[in-house]
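Engineer: After the structure tokens below, expect a handful of questions from me.
The values are calculated or read from the model by the stated rules, or taken from the named source; none is laboratory data. For clarity, every value in this text was computed on a predicted model and none was experimentally measured. Heads up, the Cβs are rebuilt from the backbone with ideal geometry, glycines too, and the neighbour counts pull from every protein chain shown.
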Amino acid sequence: MNKYIDLHVHTKYSDGNFTPKEIIEYSKKIDVVAVGITDHDTTDGVEEAVIEAEKLGIEVIAGVEISCDFKDSVEEEIHILGYFIDYKDEVLQQKLKIFREARKERAYKIFNKLNSLGIFLNEEDIFKDSNMSIGRLHFARVLLEKKIVNSIKEAFELYLGYGRPAYEAKLKLSPKEAIHIILSAKGIPILAHPYLGITMDIKSIKQLINFGLKGIEVYHTKHPKNVVDELILIAEKYELLITGGSDCHGSIDANNPLLGSLNIPYKILENLKECRNSIENFRNYILTDRI
């Protein structure tokens, strides 16, 4: 029997609408044997997922997704995933706290921009959990619930997307800083969904490799087959790990959740584990150039 995994899943602790417990329960239901919990700028959902996963026999990979400033990409940012991080690492948590606080400040700016457009939302709907890593998807869901838009996509196209009237840029690290933070927390840094950020050019990827990047997310729900094929060739040429995940944020627009939709083989996770076991010398080498 084939074993399938999903290494890119968001919970309610960032911009997903599933609790970690619900993610594990759904994974069990659809026979996904391992899940990467990769919330934006927070690891608060990992512990809850681990506790539930132990009951149901699911593997949880502790992860995080960090936004980075990158001028040559869509929205001038890329995302770096960190896998097998020590999610209790104090330095990591100090950095993530800064980003969560910045996200909250950004959310208030978006809230005020929507007000200036005549769209008056209930503040409680957005800021009900002070520890949550708030993103634009929170606003999009509320706009949909209030019937101000007809879909999540429309919310971004009309108001929240890059260059739209309620858009507000978020605090971002440099790619080098993000990669080094992940490495310092004993994690494996992976470039998330390169196709979405249009960061598939070799010059950009080689620069990230020099900073310590160890892999690229090849399999993603928005990567067409020709992109997958191209990314596999890049990964093979530069000896990068291949990873994959649905980037599930729960149920969106009343559709079934994306979790487990790609049938990513367990071998991908085995390769990650091999890297985790052999990365220490590489990590020490890269981190000698401290930020």
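Engineer: What are the residues in the range 28-55 that are aliphatic (A, V, I, L, M), surrounded by fewer than 24 Cβ atoms within 10 Å (Cβ to Cβ) and assigned to a strand (DSSP E or B), if any?
Structural biologist: Within the range 28-55, Val33, Ala34 meet the criteria.
Engineer: Moving on to the next point. Specify the residue that is farthest from Val91 (Cα to Cα); the eligible residues are those in the range 160-176 that are in contact (Cβ under 8 Å) with a residue 60 or more places away in the chain and surrounded by fewer than 17 Cβ atoms within 10 Å (Cβ to Cβ).
Structural biologist: Restricting to residues being in contact (Cβ under 8 Å) with a residue 60 or more places away in the chain and surrounded by fewer than 17 Cβ atoms within 10 Å (Cβ to Cβ), the top hit is Tyr162.
Engineer: State whether one or more residues within the range 3-16 are of a type in the set (Val, Ile, Thr) and not in a strand (DSSP E or B).
Structural biologist: Yes; the residues of the range 3-16 include at least one that is of a type in the set (Val, Ile, Thr) and not in a strand (DSSP E or B).
Engineer: Given the conditions (1) within 19 Å of Gly163 (Cα to Cα); (2) hydroxyl-bearing (Ser, Thr, Tyr); (3) modelled with pLDDT of 95 or more, and given that Tyr83 satisfies all but one, which numbered condition is not satisfied?
Structural biologist: Tyr83 satisfies every listed condition except (1).
Engineer: Are there any pairs, at least 6 apart or on different chains, whose C-beta atoms fall under 7 Å, with the first in the range 253-282 and in the same structural domain as Val33 (by TED's automatic domain parsing) and the second loosely packed, with under 13 Cβ neighbours inside 10 Å and in a helix (DSSP H, G or I), and if so, which?
Structural biologist: So the pair list comes out empty.
Engineer: What tally of residues in the range 13-67 results from selecting those that are in contact with a Phe, Trp or Tyr (Cβ under 8 Å, 6 or more places away or on another chain) and of a type in the set (A, V, I, L, M, F, W, C)?
Structural biologist: So the count comes out to 9.
Engineer: If I ask for residues that are farther than 29 Å from Arg283 by Cβ, in contact with a Lys or Arg (Cβ under 9 Å, 6 or more places away or on another chain) and surrounded by fewer than 16 Cβ atoms within 10 Å (Cβ to Cβ), which ones from the range 211-255 would you list?
Structural biologist: Asp253, the sole residue that qualifies.
Engineer: Within the range 153-165, is there a residue that is among the acidic types (Asp, Glu) and assigned to a loop (DSSP other than H, G, I, E, B)?
Structural biologist: No, the range 153-165 has no match at all.
Engineer: Does the range 43-61 contain at least one residue that is in contact with a Cys (Cβ under 9 Å, 6 or more places away or on another chain), touching a residue at least 24 places away in the same chain (Cβ under 8 Å), assigned by TED's automatic domain parsing to the domain that holds Ile190 and within 25 Å of Asn263 (Cβ to Cβ)?
Structural biologist: no
Engineer: Something else now. Looking at the range 180-202, which of its residues are within 22 Å of Arg276 (Cα to Cα) and either charged (D, E, K, R) or not assigned by TED's automatic domain parsing to the domain that holds Leu241 (or both)?
Structural biologist: If the condition is that a residue be within 22 Å of Arg276 (Cα to Cα) and either charged (D, E, K, R) or not assigned by TED's automatic domain parsing to the domain that holds Leu241 (or both), then Lys186 is the only one that fits.
Engineer: Could you list, in sequence order, all residues of the range 177-192 that are buried (at least 20 other Cβ atoms within 10 Å of the Cβ) and assigned to a loop (DSSP other than H, G, I, E, B)?
Structural biologist: Passing the criteria: Ala185, Gly187, Ala192.
Engineer: A follow-up question, please. Kindly indicate whether Ile80 is of a type outside the set (Ser, Thr, Tyr), more than 24 Å from Ile181 (Cβ to Cβ) and part of a strand (DSSP E or B).
Structural biologist: Details: of a type outside the set (Ser, Thr, Tyr): yes; more than 24 Å from Ile181 (Cβ to Cβ): no; part of a strand (DSSP E or B): yes.
No.
Engineer: Further, regarding this structure: For the range 103-144, give me the residue count where each residue is under 15 Å from Asp15 (Cβ atoms) and either in contact (Cβ under 8 Å) with a residue 24 or more places away in the chain or assigned to a loop (DSSP other than H, G, I, E, B) (or both).
Structural biologist: Final tally of qualifying residues: 19.
Engineer: Keeping to the range 118-156, report how many residues are surrounded by fewer than 20 Cβ atoms within 10 Å (Cβ to Cβ) and either assigned by TED's automatic domain parsing to the domain that holds His10 or under 30 Å from Gln207 (Cα atoms) (or both).
Structural biologist: So the count comes out to 0.
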